[in-house]
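My questions will all concern the structure given below.
The values are calculated or read from the model by the stated rules, or taken from the named source; none is laboratory data. This structure is a prediction, so every number in the text was calculated from the model and none was measured. Note that each Cβ is placed from the backbone with ideal geometry, even for glycine, and that neighbours are counted across all protein chains shown.
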């Protein structure tokens, strides 16, 4: 017979801590708990449950009971430190380590998780895009421009792998050729933003638009292009994103509610929003609809500027053969061959090359000098 032991009793209603005597019942089917004063309580062994306790030299017990919460346990607790009694209980109580839940609890948990997931999905894919679009359209221009400048600075640091290096290519002849191309694309076009073009000395085949008007071309794009018309097509596409304020929308959507507050309160000098947006701009993570609209804008802009969209089509034709990282708008929104066909069909008017042969050579060499 296991001898009586001393335990600590917590009634679950007050902060009282009482020493009690504890021993098996005569029929060995229960645990007798005897306070110093008052009547003994018998807890049936088949209803005893162990409460997880990090201390291996003691055992905390509770009783399976009818409660209103999801875990049907009595609020009272009994703590036993007697090794002999603990060993006996581990062998005699059939469901000592059982974890009890009410019938239907698993279903309730699954439904609650599903409901939470649905709520998050609605916030991410319905409310946040709508809020982001509305805020992007109403963000003051001067704040958007300041934010865009900060984003470009962050992008330069990302591309330079954190080094404090000025990546901007400043060859005199190349800069003049870039300005010629800018004027060719924007002159008389009544654009919402003054277009600001820069070339970064980086081998990635890419270009991106930042909030407020900056458009950055990476040297790898100039190296890969076969003609100035190809570069003009990519720039026209990026101008479409600028005019639609797509980069600003992307900033709001990427940053979430905290970022929205940050932008609205004027934190446009280097907060976490800028760091979040940098990676998205490098991958050009716009929606398919935004990319299609930017393509259509590019076709119309090229036509008004008298530049053939065949160069844009030729560039898309070669996309699959280009090695290295590519922005998603060049490869997947929609398929490059489909986009090449649309660009080819758009170029039916009278056109002249986007740049002279001399200016094109200067632009391609803009990072050399």
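Which of the residues belonging to the stretch 137-174 are part of a loop (DSSP other than H, G, I, E, B) and closer than 15 Å to residue 213 by Cβ?
139, 140
What pairs come out if I take residues in the stretch 38-55 that are over 19 Å from residue 81 (Cα atoms) and outside the structural domain of residue 21 (by TED's automatic domain parsing) and pair them with residues that are modelled with pLDDT under 90 and exposed (fewer than 14 other Cβ atoms within 10 Å of the Cβ) whose C-beta lies under 6 Å away, six or more apart or interchain?
Partner pairs satisfying both residue conditions: none exist.
Continuing with the same structure: So for the stretch 197-218 (the condition being assigned by TED's automatic domain parsing to the domain that holds residue 148, part of a helix (DSSP H, G or I) and under 25 Å from residue 362 (Cβ atoms)), does at least one residue qualify?
The answer is no, given that none of the residues of the stretch 197-218 is assigned by TED's automatic domain parsing to the domain that holds residue 148, part of a helix (DSSP H, G or I) and under 25 Å from residue 362 (Cβ atoms).
Answer yes if at least one residue in the stretch 269-290 is in contact with a strand residue (DSSP E or B) (Cβ under 9 Å, 6 or more places away or on another chain), at pLDDT below 70 and outside any helix (DSSP H, G or I), and no otherwise.
yes
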